[in-house]
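Asks: Here it is: the structure, laid out below.
Only the coordinates and a few stated rules stand behind these numbers; no lab work does. Computed from a prediction, not measured in an experiment: that's the story for all the values here. Cβ placement follows ideal geometry from the backbone for every residue including glycine, while neighbour counts extend to all protein chains displayed.
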Amino acid sequence: MLVKDITILNSVGLHARPAAKFVQTAARFPCEIKVCNSTKESAFVNAKSILSVLSLGIDQGHSITIHAHGEKELEAMEALEKLIAENFGE
């Protein structure tokens, strides 16, 4: 299992369009991917579910923790890190 803590710098956090891009990226991989809002100490949710990701209330400056486990976990984690680093293409 891979674990990564990342701070969200996007001005709108992980809402609407950025959340959709995050979920779409996670869904491309066969491994299990979970995410939590570390800042709010939330429970982990399925990173492939838009409603679950939106329910975390991730705002700019919040830290998230991503767990990836299974086939292509490294590729999945790298893709999500890149998406966040590139500010969700915005």
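Asks: Mind sorting Phe22, Phe29, Phe44 by how few other Cβ atoms lie within 10 Å of their own Cβ, fewest first?
Replies: Going from sparsest to densest Cβ surroundings: Phe44, Phe29, Phe22.
Asks: Taking the Cα centre of the chain as origin, work out the dipole magnitude from +1 charges on Lys and Arg Cβ and -1 charges on Asp and Glu Cβ, in debye rounded to 20.
Replies: So the dipole magnitude of the chain works out to roughly 220 debye.
Asks: Looking at the chain as a GNM with Cα springs under 10 Å, which of Lys72, Lys48, Lys21 has the largest mean-square fluctuation?
Replies: Evaluated over the chain, the most mobile residue of the options is Lys72.
Asks: Let me ask something additional. With an 8 Å Cα cut-off and a minimum separation of 6 or more residues, compute the relative contact order for the chain in percent.
Replies: Relative contact order here is 43 percent.
Asks: Let me ask you something else. Quick check: the angle from helix 16-27's long axis to the longest principal axis of the chain, C-alpha only, nearest 10 degrees?
Replies: 10 degrees
Asks: What value, in deg cm²/dmol to 500, does the helix sum -39500 (n - 2.57) over DSSP H runs of n ≥ 4 give at 222 nm once divided by the residues of the chain?
Replies: Mean residue ellipticity, 222 nm, calculated: -10000 deg cm²/dmol.
Asks: Still on this structure: Measure nothing fancy, just the Cα-based angle from helix 73-85's long axis to the longest principal axis of the chain, in degrees from 0 to 90, nearest 10.
Replies: Once rounded, the angle reads 20 degrees.
Asks: As I understand it, the dipole of the chain uses +1 on the Cβ of Lys and Arg and -1 on the Cβ of Asp and Glu, about the Cα centre. Which of Pro18, Ala68, Ser38 lies farthest toward its positive end?
Replies: Positive-most Cα among the choices belongs to Pro18.
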